[in-house]
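The values are calculated or read from the model by the stated rules, or taken from the named source; none is laboratory data. As the structure is a prediction and not an experimental result, all values here were calculated from the model. Neighbour counts are summed over all protein chains in view; Cβ atoms, including those assigned to glycine, are modelled from backbone coordinates with ideal geometry. Areas reflect the complete protein model, heavy atoms only, side chains present, ligands, DNA and RNA absent. Shrake-Rupley method; radii C 1.70, N 1.55, O 1.52, S 1.80 Å.
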Amino acid sequence: MKDMELEARMQEAEGADGIHQPHDKGYKYLLSSKKLFLELLRSFVSREWVEQIAESDLTALDKSFILPDFSEKEADLVYRLKTKEQDVIFYVLMEMQSTVDFQMPYRLLLYQVEIWRDIRNNTDPDAAARKSFKLPAIVPIVLYNGEAPWTANTTFRGGIAGDGRFGDELLDFSYLLIDVQRYSYWSSAPMRRN
């Protein structure tokens, strides 16, 4: 599928009528198709691991989490992925946004911790206690379709007071931002367009 076709389908989803947050639900519906999700990644995320994904390697997970403040939050899309070249399973977490959310790094951290907690709780305790046990990688992605430019931090550390005074001891991660209105994402790699 060409980028223009994907773009047209996403615009159709954004214009859905009669439902709360139609853009989010429309995108979630469209991207629940492994084929479309993979096409979105290949169109906007220029990373070597993206090129190694086969559609059959993706498994969509239906996950909602009870966060520490007791509010139920539903991750928009979570895919489990097993790469071809390595026996590594990792998760791609995608959150859909129509407005700038300055708490996004914190929200993504909570989702990641809940995914890891779920995996840890469902792993045999003896296996989890071994030195060889490792939690899977999680790649957080925000799909943004708002009118205003995205101005929230794209790193977790950017939202910590006095972050410049501390070294590697502070927790940090960044997320990929796919800005649908501007056809780009902000990270260290340039957007790939066919």
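Counting residues in the range 108-115 that are acidic (Asp, Glu) and either under 20 Å from GLU95 (Cα atoms) or not in a helix (DSSP H, G or I) (or both) gives one or more.
Return the total of residues in the range 35-62 being assigned to a helix (DSSP H, G or I) and either among the aliphatic types (A, V, I, L, M) or open to solvent by 60 Å² or more (accessible area, probe 1.4 Å) (or both). Before the answer, list the steps.
Going residue by residue through the range 35-62, those that are assigned to a helix (DSSP H, G or I) are 35-44, 48-51, 55-57.
Going one step further and asking which of them are either among the aliphatic types (A, V, I, L, M) or open to solvent by 60 Å² or more (accessible area, probe 1.4 Å) (or both), we end up with 35-36, 38, 40-42, 48, 50-51, 55-56.
Matching residues across the range 35-62 total 11.
Test LYS84 against the stated conditions and say whether it is open to solvent by 60 Å² or more (accessible area, probe 1.4 Å), outside any loop (DSSP other than H, G, I, E, B) and modelled with pLDDT under 90. For LYS84, the condition - open to solvent by 60 Å² or more (accessible area, probe 1.4 Å), outside any loop (DSSP other than H, G, I, E, B) and modelled with pLDDT under 90 - is not met.
If the condition is being in a loop (DSSP other than H, G, I, E, B) and among the hydrophobic types (A, V, I, L, M, F, W, C), then the range 120-162 contributes ALA129, PHE133, LEU135, ALA137, ALA148, TRP150, ALA152, PHE156, ILE160, ALA161. Going through PHE102, PHE133, PHE156 one at a time, which residue ends up being under 23 Å from VAL180 (Cα atoms), open to solvent by 40 Å² or more (accessible area, probe 1.4 Å), among the aromatic types (Phe, Trp, Tyr) and modelled with pLDDT of 90 or more? Just a single option satisfies the conditions, and that option is PHE102.
Evaluation of SER32 against the conditions (1) out of contact with any Phe, Trp or Tyr (no Cβ under 8 Å at 6 or more places or on another chain); (2) more than 18 Å from GLN97 (Cβ to Cβ); (3) at pLDDT 80 or above shows that the sole unmet condition is (2).
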